[in-house]
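In what follows, a structure is listed as structure tokens, so that the remarks can point back to it.
The values are calculated or read from the model by the stated rules, or taken from the named source; none is laboratory data. Keep in mind that this is a model prediction, so the values were computed, not measured. Note: ideal-geometry Cβ built from the backbone for every residue, glycine included; neighbour counts use all protein chains shown. The protein model used for the area step is the full one, side chains on, heavy atoms only, and it has no ligands, DNA or RNA in it. Shrake-Rupley method; radii C 1.70, N 1.55, O 1.52, S 1.80 Å.
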Amino acid sequence: MQQQAQPLDVLPQRRSLDGRDGKVLALSSLGGALEFYDFMIFALMAPILSQLFFPASLGSTWALVNIYGIFAIGYVMRPVGGLLMAHWGDRLGRKTMFTWSLLLMAVPTFAMGLLPTYAQIGVAAPMLLLLCRMFQAVAIAGEVPTAWTFVSEQVPVNQVGLANGVLTAGLSVGILLGSLTVMALHVTWGANVVQEWAWRLPFLLGGGLGLLAVCLRRQLQETPVFVAIK
């Protein structure tokens, strides 16, 4: 009984949120927002991606069906990502998987902005796009549950609900930022320029910010609960 109670004894006591808690929440919410930003821009750019990554002979309708199929793979891979991230999060630590989940999202997103199109390398283009999406799905499946766990084990016990509410709100902010970025892209450059090269910018931006967030997350400390379990 004593061993089972030990992890609970190391939870932060009842108190108000302080600066350290604010840092944990800010970096956790930033990562979640960027993950959903990356996920969102793919959906919003789907009509353009369908023309770039599939042959014109396929027809616009079937090309769009195929690109949404690649998008849907993200949902199919989420349970796999959740199982993997949960397992390794319990073995390697919350902080480790918290960092890796964001890195696993940032790198494929940045790579999407550099991918050659179907006109350049043929069928390899949609295959590479599919591979990037699969890695993104694994990452996002681990990011949100790991973030909830990480925050819940860091903040005071009487602030867990508020902290997780802020974290979840950050996910919606990411969706909003993705929508605004794609809208600004079309307003600034127009459909022809976006089709030609500017479609890459949201992916490069999201990947770059994700890599920056990975560096910032390295400043976080492992949760006291996991330290006690180890």
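Rolled with a 1.4 Å probe across the full set of protein chains, the surface gives V193 an accessible area near 40 Å². Reported to the nearest whole Å, the Cα centre-to-centre distance from region 35-67 to region 154-194 is 21. Among the protein heavy atoms, those of C215 account for about 80 Å² of accessible surface (1.4 Å probe, every chain in place).
How many percent of the accessible area of the chain is carbon or sulfur, using a 1.4 Å probe?
Values: 7830 of 11310 Å².
About 69 percent, which is the carbon plus sulfur part of the accessible surface.
Could you tell me which of rounded, prolate or oblate describes region 157-217, using a ≥ b ≥ c as the square roots of the eigenvalues of the alpha-carbon gyration tensor, with rounded for a/c under 1.5 and, failing that, prolate when a/b is larger than b/c and oblate otherwise? Note, shape of region 157-217 comes out oblate. Among the DSSP helices (H) of the chain, those spanning at least 18 angstrom by Cα along their long axis with an average Kyte-Doolittle hydropathy of -0.5 or more are 19-44, 60-92, 94-112, 124-152, 160-193, 200-217; this is a geometric and hydropathy rule only.
Heavy-atom accessible surface of the chain, averaged per residue, reaches 49 Å², computed with a 1.4 Å probe. Take the Cα of S57, step 7 Å toward its Cβ, do the same at L216, and the gap between the two points is 4.8 nm. The alpha-carbon positions of region 15-143 define a convex hull whose volume is 112 Å³ per residue.
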